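The structure appears right after this line, and notes come after that.
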Amino acid sequence: MNYNNKEIHILDPGAGMGSLFVACVDEIINRGLKPKKISITAYEIDNGLFGYLDESLKQCKKLCEKNEIEFSGKVIKKDFIVDIVKNLKSKNKKQFSHIIINPPYKKINIFSEIHKILKKVNLPSANLYAAFISLSQKVLQDNGEMVFI
């Protein structure tokens, strides 16, 4: 795929410390793909990881600046499932060209708020792993790339 003069929009729906998106940006640069811009949207709800995420975004910015690639990044301190379901009706819902994800492995209680939210969009799921992947696909651009562990 030719990335020259294109914009790459990366989503990391459960970013943790940001290791995956840093590795993704590093790989794009090491392959010499030279996009016009790289932007990152990282979702995380663990307050203890926000400092690490800020450092990871700074690392990506330095990598991009060094290679003359415009960069932007943001951490969304909200639950990915709740926020994405709320925004699924948006006209610009397929906004990510790349999604890199290590979904959580946890069962969803059928009486939980998350289960009710997923049921509203016809995604009743027994576990967070499947819910994260299904919702990620809904915001992936046509011909986009998604990698999950």
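Numbers for the structure displayed
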read-out: Selected residue (only one of Ile114, Ile110, Ile149, Ile100 is out of contact with any Asp or Glu (no Cβ under 6 Å at 6 or more places or on another chain) and buried (at least 16 other Cβ atoms within 10 Å of the Cβ)); value: Ile114
read-out: Residue that is modelled with the lowest pLDDT [pool: residues in the range 1-57 that are of a type in the set (Ser, Thr, Tyr) and open to solvent by less than 40 Å² (accessible area, probe 1.4 Å)]; value: Tyr3
read-out: Neighbours by Cβ (under 9 Å, 6+ apart or cross-chain): first from the range 72-83, under 11 Å from Phe132 (Cα atoms); second acidic (Asp, Glu) and surrounded by 15 or more Cβ atoms within 10 Å (Cβ to Cβ); value: Phe80/Glu44
read-out: Among (1) open to solvent by less than 30 Å² (accessible area, probe 1.4 Å); (2) touching a His at 6+ places or on another chain (Cβ under 8 Å); (3) farther than 16 Å from Leu135 by Cα, the one test that Ile69 misses; value: (2)
read-out: Condition met for Lys89 (open to solvent by 100 Å² or more (accessible area, probe 1.4 Å), without any contact (Cβ under 8 Å) to a residue 60 or more places away in the chain and in contact with a helix residue (DSSP H, G or I) (Cβ under 9 Å, 6 or more places away or on another chain)); value: no
read-out: Identity of the residue in the range 127-146, in a helix (DSSP H, G or I) and polar (S, T, N, Q), that ends up most open to solvent (accessible area, probe 1.4 Å); value: Gln137
read-out: Checklist (1) assigned to a loop (DSSP other than H, G, I, E, B); (2) open to solvent by less than 100 Å² (accessible area, probe 1.4 Å) applied to Tyr105, failing item; value: (2)
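The values are calculated or read from the model by the stated rules, or taken from the named source; none is laboratory data. As the structure is a computational prediction, the values presented were derived from the model and not from experiment. So basically every Cβ, Gly included, is an ideal-geometry build from the backbone, and we count neighbours across all protein chains shown. We work out accessible area using only protein heavy atoms, side chains counted, and drop any ligands, DNA or RNA first. Shrake-Rupley method; radii C 1.70, N 1.55, O 1.52, S 1.80 Å.
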